[in-house]
Structure formats: structure tokens, C-alpha cells
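Notes follow the structure.
The values are calculated or read from the model by the stated rules, or taken from the named source; none is laboratory data. These figures come from a predicted structure and were not determined experimentally. Every residue, glycine among them, receives a Cβ derived from its backbone with ideal geometry; neighbour counts consider all protein chains shown. Surface accessibility is based on the protein's heavy atoms, side chains included, excluding ligands, DNA and RNA. Shrake-Rupley method; radii C 1.70, N 1.55, O 1.52, S 1.80 Å.
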Amino acid sequence: MDKKNLDWGKLTFSYTKANKMYVSYFKDGKWDNGKLVDEDTITISASSTALHYGQECFEGLKAYTNKNGNIQLFRPDQNAIRLQDSCKRLLMEYVSVEQFIDACKQVVKANEEFVPPYGTGATLYLRPFVIGIGDNLGVRPASEYLFCVFCSPVGAYFKGGMTPVNFITTDYDRAAPNGTGGAKVGGNYAASLLAHKEAVDKGFADCIYLDPTTHTKIEEVGAANFFGITKDDKFITPKSDSILPSITRRSLMYVAEHYLKMPVEERDVLIDKLDEFKEAGACGTAAVISPIGGIQHNDKMHVFYDLKEVGPVTKKLYDTLVGIQFGDVEAPEGWIVEIK
Ligand code: PLP
Ligand code: COI
């Protein structure tokens, strides 16, 4: 298969239209069989619940080319289950795990020319989403839904890739106690845009959200989860119901424990106690692992390992995780799904 003539190594996290996307509609109480379409536009009723009442949730996962030239997905079942959980939180209809994985596979196959070659560091990002559609006016769940998967070849999310980036805490909250922080719903991201802009305007890569109740504990790093490495080499990540349950973070906890033999703890991370960590990072599908150089909080900048260089433990975590995702390191059973 000939590849598109793109400068793969220079890709950023931005949208490039590919050949086809997948659409499936829920109507009269059931999902149709789904199909691939050429266009990347959709036509929906102006009264759709997605447009007015935020009935929208999405996923993000990647397709990787391994060194034999085969394409593989990383833990797509976990994304399928999380999309179901997000749909349930918003009273939306959801697709089965099988339909989700089949749709992702169809999209990758139909856009093979856009899957970045091995060794370029780039990947094909898949964006599955579900929206409430159909005619409606009152505040109630839609009776019709669209499940769609589109894709785009992408590079690093945070500028610099494995060069550390800096973050600043924000007074805004991303989520409320017992709110929708634990679900991947569009409304959370709408609420995050201003906090993100203010951080970027001040010269930071993104903002750090603190817990909405006390503003003393780290919750998330923009659109990624936080982890820290203590001075005695423990992998620590915040525990909270309003954090998005990151699949990357769950995978890193496993990698830290089983591959790097590190103790792993999910517990409170106090913003005033950052000196317990010698290294820190942001992790997510788009972010992969971005080393955190420093965090600014109340006019004080806390520097972790270094502002310019990645720390050795973060590097090992990155090499192992990315090695698994690209097929260079043996994966735990069930993590890799080859596209045949
Ligand atoms: N936190 C937020 C708010 C996110 O948007 C994401 C991205 O999906 C993550 C964390 C990381 O989650 P995952 O590793 O499943 O991509
Ligand atoms: C992801 O990592 O997949 C995300 O969803 C983060 C962001 C691009 C929304």
C-alpha cells in the first residue's frame, strides 16, 4: 500500500482529512449496521440534543505501524467500555464493544495510506464519538443517536514531545463533585477552554486542575492525567472520582509495577507537597507521556527533574509503553489488536 506523501515526522496534533469515516445511526430502538462514507461532514436536525443540551461523548485511540509494517490498535476494548460508561452517564444509547472495535478496524483499513510508517513517531489518531440527534425541544434524552469514527494522522500533542513542558494551576474547576469529570463528555472540554487559554497566554503548555472541593490536590493536567515519581522510586497518581480514568495511566501503572518493578500508589497528591517527587509527567493517548518540567502555583515555580531534560524513570516508562504500543516490547495479553 502506497502511503500519502506527508511529512510524517513534522505532524502536529491537528486535523488532516483522510479517505473515509464510519457512521452508524440509532433509530426506532436499534443501531443500523454502520457504513464507511467519503465525506467528513454530517447533517443533523438543528434541534438535536447534542447541540443544545450537550449529549455528546467521545474517545481517542491510536493505530500504530509496527516494524513489520503491520498496523495495530492499543487496548481498543478499554475505549469501547469507557464510551459506554460516558453514554450511560448522559442517558445516551451506546454501541457494543464489538461494533466499536469493528468500526475502528474498518476506519484504519480504509485509511491505510494515512497511517504513519514505523519509525516516524507519528500515529493515526481515531476519534469515535456518539451524539444525540433527531427532532427535539425539551430537556430530555434524544430518541436517535449517531456513532461516528473519523481519523487523522498526528504527531506530538504537547510541543516538544519528550522535552519537558511547564504547567500552571488554575482556579477554574474542570469537574464538580459527583459531576461528569469521570466521563469523556464534550461539556467538560467546553468548560476547560478558558482555563487552557489563560495558561497558554501566560506561556505554559496547559493548566493543572485541582480538586473542586478543597483546591489542594492535583486532579488532572489539562487533557491528560498526572503521575509523579517519588525520591524512593514509587509511581504515584491521584485518586479521585472526578478524574477521567485514563487508559494510558492504567497501562503505565501496570508497566511500572510489572515491567519496572516499582511500587504503585493511587492516592492524594497535594499541590503544596510537590517536593516529594523527583520526576513528574502528564499522560494520555494524545499526550503519550510528556515530562513536566515545572508547575507554577501561587507565583511559585516548582521544578521537578529538570526544565530541559527528561528524567531517567520517566524515560524508561515512556520507552516501555511506546515500545508496547509499536510492538517492540512484548505486550500483556489482550493489549494489542492487530488489523488484518
Ligand atoms: N484526562 C483527560 C481530561 C483527557 O481528555 C484524556 C484523554 O483522553 C486523558 C486524561 C487521558 O486518557 P487516555 O489515556 O485514556 O487517553
Ligand atoms: C486524548 O488523549 O485522546 C484526548 O482526548 C485528549 C484531547 C485531545 C481531548
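Quick notes
- Within the stretch 123-161, the set of residues being small (Gly, Ala, Ser) and within 15 Å of ligand 2 (Cβ to nearest atom) comprises 152, 155, 156, 161.
- Residues (open to solvent by 30 Å² or more (accessible area, probe 1.4 Å) and assigned to a loop (DSSP other than H, G, I, E, B)) located in the stretch 299-309: 299, 305, 306, 307, 308, 309
- Residue match in the stretch 248-261 (condition: in contact with an Asp or Glu (Cβ under 8 Å, 6 or more places away or on another chain) and of a type in the set (Phe, Trp, Tyr)): no
- Matching residues, the stretch 55-89, being within 16 Å of ligand 1 (Cβ to nearest atom) and not in a helix (DSSP H, G or I): 56, 57, 58, 59, 60, 61, 62, 63, 64, 73, 74, 75
- Only one of the numbered conditions (1) within 16 Å of ligand 1 (Cβ to nearest atom); (2) under 23 Å from residue 21 (Cβ atoms); (3) open to solvent by 20 Å² or more (accessible area, probe 1.4 Å) is violated by residue 179, and that is (2).
- Subset of the stretch 58-106 (residues that are aromatic (Phe, Trp, Tyr) and open to solvent by less than 30 Å² (accessible area, probe 1.4 Å)): 58, 64, 74, 100
- Of the residues making up the stretch 227-241, not one is acidic (Asp, Glu) and either within 17 Å of residue 288 (Cα to Cα) or surrounded by 20 or more Cβ atoms within 10 Å (Cβ to Cβ) (or both).
- Check on residue 187, open to solvent by less than 10 Å² (accessible area, probe 1.4 Å) and at pLDDT 95 or above: no
- Residues of the stretch 238-251 that are touching a strand residue (DSSP E or B) at 6+ places or on another chain (Cβ under 6 Å) and closer than 22 Å to residue 331 by Cα: 246, 248, 249.
- Selected residue (only one of 141, 116, 128 is in contact (Cβ under 8 Å) with a residue 12 or more places away in the chain, part of a loop (DSSP other than H, G, I, E, B) and under 30 Å from residue 10 (Cβ atoms)): 116
- Screening the stretch 162-196 for residues that are touching a Cys at 6+ places or on another chain (Cβ under 8 Å) and part of a loop (DSSP other than H, G, I, E, B) and picking the one that is nearest to ligand 2 (Cβ to nearest atom) gives 184.
- Any hit, the stretch 265-273, residues being within 16 Å of ligand 2 (Cβ to nearest atom) and either polar (S, T, N, Q) or open to solvent by less than 20 Å² (accessible area, probe 1.4 Å) (or both): no
- Out of 229, 247, 271, sole residue that is within 26 Å of residue 50 (Cβ to Cβ) and either modelled with pLDDT of 95 or more or within 11 Å of ligand 1 (Cβ to nearest atom) (or both): 247
- Annotation: residue 150 fulfils all but one of (1) open to solvent by 50 Å² or more (accessible area, probe 1.4 Å); (2) within 13 Å of ligand 1 (Cβ to nearest atom); the unmet one is (2).
- Scan of the stretch 262-286 for residues that are among the aliphatic types (A, V, I, L, M), touching a residue at least 60 places away in the same chain (Cβ under 8 Å) and touching a Ser or Thr at 6+ places or on another chain (Cβ under 8 Å), ordered by number: 271, 282
- From 33, 19, residue being closer than 25 Å to residue 96 by Cβ and either among the aliphatic types (A, V, I, L, M) or part of a loop (DSSP other than H, G, I, E, B) (or both): 33
- Where residue 239 falls short, out of the listed (1) closer than 27 Å to residue 73 by Cα; (2) within 16 Å of ligand 1 (Cβ to nearest atom); (3) of a type outside the set (Ser, Thr, Tyr): (1)
To keep it simple, each residue is scored yes or no on (1) away from ligand 2 (no atom under 13 Å from the Cβ); (2) in contact (Cβ under 8 Å) with a residue 24 or more places away in the chain; (3) not hydroxyl-bearing (Ser, Thr, Tyr).
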| position | (1), (2), (3) |
| --- | --- |
| 221 | no, yes, yes |
| 228 | yes, yes, yes |
| 232 | yes, no, yes |
| 238 | yes, yes, yes |
| 242 | yes, yes, no |
| 247 | no, yes, yes |
| 252 | yes, yes, yes |
| 255 | yes, yes, yes |
| 258 | yes, yes, yes |
